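Engineer: First the structure, then my questions, so here it is.
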Amino acid sequence: MADDFPGWHGTTIIGVRKGGQVVIAGDGQVSLGQTVIKGTARKVRKLAPGGHEIVAGFAGSTADAFTLLERLEAKLEATPGQLQRACVELAKDWRTDKYLQKLEAFLIVTDGTGLFVVTGAGDVLEPEHDVTAIGSGGNYALAAARALMDSDLDAEEIARRAMAIAADICVYTNGNLTVEALPA
């Protein structure tokens with residue numbers, strides 16, 4: 001991917017697993033340079049390939065992310081109920097296919113059991129501390145969520161508070177959230 005990858009400046013997505021629940025939350029801001037184009041985009045979606053419910057959030061180019069989500073759904077249909085395997089297969093294709101290599105997006109996906117970040121560098125990463133985040137405000141949200149993990153808050157409230165902190169710090173992140181949860 002190019003060093004000037006514009007997808008980092010446009011969103012924040014967080015995944016939190018705690019207390020029998022996995023939540024993925026994302027803000028709604030779409031930016032083009034320093035201009036906010038839209039404030040209510042849905043960057044977190046439920047998928048149901050083969051009857052298995054999956055939640056996915058994306059950062060980066062919207063068209064590229066939709067292409068990757070379609071490819072992930074196809075991988076999941078080929079390997080029903082095996083999210084990690086589907087993610088690895090997607091990452092391999094993404095890394096080696098000349099068309100896919102040009103896609104500029106990142107994904108966080110969960111089936112309620114696994115929680116993964118999938119990148120165009122061929123990575124399928126599972127968080128060590130049950131929290132992961134991507135996008136321009138991802139590090140802010142990640143730090144806030146990790147600090148809240150020992151509290152009595154549930155996964156959704158941790159995600160919401162972490163996203164609020166990221167929105168206060170990152171100019172490419174807003175407080176319009178889409179939150180989707182699955183039982184762990």
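The values are calculated or read from the model by the stated rules, or taken from the named source; none is laboratory data. Nothing here was measured: the structure is a model prediction, and the numbers come from that model. Cβ atoms come from the backbone with ideal geometry, glycine included; neighbour counts cover every protein chain shown.
Engineer: Show the residue pairs meeting these rules: Cβ distance below 7 Å; 6+ apart or different chains; first residue within region 60-75 and closer than 15 Å to LYS102 by Cβ and β-branched (Val, Ile, Thr); second residue at pLDDT below 85 and surrounded by 19 or more Cβ atoms within 10 Å (Cβ to Cβ).
Structural biologist: From region 60-75, the pairs are THR67/LEU103.
Engineer: Moving to a separate point now. So, GLY122, is that one surrounded by 22 or more Cβ atoms within 10 Å (Cβ to Cβ) and at pLDDT below 95 or not?
Structural biologist: On the way: surrounded by 22 or more Cβ atoms within 10 Å (Cβ to Cβ): no; at pLDDT below 95: yes.
No; evaluated as a whole, the condition is false for this residue.
Engineer: Name the single residue that is modelled with the highest pLDDT among those in region 7-35 being surrounded by 14 or more Cβ atoms within 10 Å (Cβ to Cβ) and more than 30 Å from ASP150 (Cβ to Cβ).
Structural biologist: Of everything passing the filter in region 7-35, VAL30 is modelled with the highest pLDDT.
Engineer: Regarding ALA133, is this residue closer than 24 Å to THR173 by Cβ and buried (at least 17 other Cβ atoms within 10 Å of the Cβ)? Even if it seems obvious, please write down each step before you answer.
Structural biologist: Details: closer than 24 Å to THR173 by Cβ: yes; buried (at least 17 other Cβ atoms within 10 Å of the Cβ): yes.
Answer is yes for this residue.
Engineer: Quick check: is even one residue across region 55-75 among the acidic types (Asp, Glu) and in contact with an Asp or Glu (Cβ under 7 Å, 6 or more places away or on another chain)? If you could, list the steps in order and put the result at the bottom.
Structural biologist: Of all residues in region 55-75, those among the acidic types (Asp, Glu) come to 64, 70, 73.
Checking the rest, the ones that are also in contact with an Asp or Glu (Cβ under 7 Å, 6 or more places away or on another chain) come to 64.
Yes: region 55-75 contains one or more residues that are among the acidic types (Asp, Glu) and in contact with an Asp or Glu (Cβ under 7 Å, 6 or more places away or on another chain).
Engineer: Also, I was wondering about something else. So, of the residues in region 57-68 that are of a type outside the set (Phe, Trp, Tyr) and touching a helix residue (DSSP H, G or I) at 6+ places or on another chain (Cβ under 6 Å), which turns out to be modelled with the highest pLDDT?
Structural biologist: In the first step, residues of region 57-68 are kept if they are of a type outside the set (Phe, Trp, Tyr); the result is 57, 59-65, 67-68.
Next cut, touching a helix residue (DSSP H, G or I) at 6+ places or on another chain (Cβ under 6 Å) only: 59-61.
Working: ALA59: 91, GLY60: 87, SER61: 85.
Residue satisfying both the conditions and the ranking: ALA59.
Engineer: Further question on the same structure: Applying the selection to region 160-184, what residues are in contact with a Leu (Cβ under 8 Å, 6 or more places away or on another chain) and either under 26 Å from GLU104 (Cβ atoms) or modelled with pLDDT under 95 (or both)?
Structural biologist: ALA162, MET163 - these are the residues of region 160-184 that are in contact with a Leu (Cβ under 8 Å, 6 or more places away or on another chain) and either under 26 Å from GLU104 (Cβ atoms) or modelled with pLDDT under 95 (or both).
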